[in-house]
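In what follows, a structure is listed as structure tokens, so that the remarks can point back to it.
The values are calculated or read from the model by the stated rules, or taken from the named source; none is laboratory data. On a predicted model such as this, the values are computed, not experimentally measured, just so you know. Cβ: placed from backbone, ideal geometry, glycine included. Neighbour counts: every protein chain shown. Protein only, heavy atoms only, side chains kept; ligands, DNA and RNA dropped before computing areas. Shrake-Rupley method; radii C 1.70, N 1.55, O 1.52, S 1.80 Å.
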Amino acid sequence: MHEALVVVDLQTDFCPGGALAVPGGDAIVPLVNRLLGDAAVRVLTADWHPPGHRSFAAAHAGKRPFDRGFVGGVEQVLWPEHCVQGTDGAAFHPRLRADLADMILRKGFRPGLDSYSAFFENDRITPTGLKGYLTSRGVDAVALVGLALDVCVAASALDAARLGFRTRVVLPGCRAIDRDGSLAKALAAMRGAGVRLDDGPAT
Ligand code: VGL
Ligand code: ZN
């Protein structure tokens, strides 16, 4: 059985200068490339929203980015417009070795529903297909890196653990948005779910 490396949303809009920049988001690229080179199964995910997606604050009258609102019946943060399908901001970071990917999984493409996890949409029911892909590749363990640690990486890790994959998050390969204590909360949730928080390879 194999471990898959899942690189979450390492896209231009989540890096400094992007529409929903994660502090230091681009600093993880060299380590992520190194891990990709060594991984048995290599998956990249991409946040991939249609214009006017309901997770954008601009799609809700009177709401501003980082206010809370309802998207597909789910209460969540409303975001600045980001990762719009086909735009430069939705492209992978230019130095990410996307050529090494076995599989590229797009998520968040349903106009009225958001998708943090690489495994399920935010309704917690609609699958992305990743579980089937990994299982059919003989994967029983998942290592995660990417952006943002406290949003999509954490949601993906929690689902991976819940689905029965041995799951670790390689912390130096991640960066967080960390608003209102979201990072501490995400780390506690992952620990509680049996996700290993890995300090990464010795440099
Ligand atoms: C993400 C906020 C909105 C992420 C995606 O990839 O962590 N965060 N959409
Ligand atoms: Zn998004």
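Which percentage, to the nearest 5, of the DSSP beta bridges contained in the chain is antiparallel? Each step should come with its number before you reach the end.
Values: 6 of 33 bridges.
Here the share of antiparallel DSSP bridges comes out near 20 percent.
Could you give the Stokes-Einstein D for segment 84-151 in µm² per second, using the C-alpha Kirkwood radius, 10 °C, 1.306 mPa s?
On the way: Rh = 13.8 Å.
So the translational diffusion coefficient is about 115 µm²/s.
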Problem - Estimated dipole of the chain in Debye, rounded to 20 [Cβ of Lys and Arg +1, of Asp and Glu -1, Cα centre] - result: 280 debye
Completion exercise
Burial-style ranking of 71-84, 142-155, average other-beta-carbon count within 10 Å with highest first, yields 142-155, 71-84
Handout entry: Whole-angstrom gap from segment 38-56 to segment 106-175, using each part's C-alpha centre
Key = 10 Å
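Can you give me the relative contact order of segment 23-82 as a percent, contacts being Cα pairs under 8 Å and 6 or more apart? Display every interim value, and only then the final one.
Working: 54 pairs, mean separation 14.2, N = 60.
The normalised contact order for segment 23-82 reaches 24 percent.
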Problem - Accessible area (Å², per residue) of segment 31-151, counting only protein heavy atoms and a probe of 1.4 Å - result: 43 Å²
Handout entry: the chain, relative contact order [Cα under 8 Å, separation at least 6], %
Key = 24 percent
Exercise for the section: Kindly state, as a whole number, the per residue volume in cubic angstrom of the convex hull around the alpha carbon atoms of segment 1-69. Expected result: 119 Å³
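In deg cm²/dmol and to the nearest 500, what is the mean residue ellipticity at 222 nm of the chain if only DSSP H runs of at least 4 residues count, each as -39500 (n - 2.57), divided by the residue total? Working shown, then result.
Values: 4 runs with 37 residues, N = 203.
Mean residue ellipticity, 222 nm, calculated: -5000 deg cm²/dmol.
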Fill in the blank from the handout: Of the candidates Cys152, Pro80, His93, the farthest towards the positive dipole end of the chain (Lys/Arg Cβ +1, Asp/Glu Cβ -1, centred on the Cα centre) is Cys152
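Tell me, what is the Rg over Rh of the chain, with Rh the Kirkwood radius over Cα pairs? Each step should come with its number before you reach the end.
On the way: Rg = 15.6 Å, Rh = 16.7 Å.
Ratio value, two decimals: 0.94.
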Handout entry: Charge dipole (the chain, unit charges on Cβ, about Cα centre) - positive-most of Gly52, Cys15, Leu187
Key = Leu187
Problem - Label-point gap, in nm, between Arg166 and Ala189 - each point 7 angstrom along Cα→Cβ - result: 2.5 nm
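What is the percent carbon and sulfur in the accessible area of segment 155-203, measuring with a 1.4 Å probe over the protein chains and ignoring ligands? Walk me through the intermediate numbers first.
Working: 1320 of 2670 Å².
On segment 155-203, the fraction of accessible area on carbon and sulfur atoms equals 49 percent.
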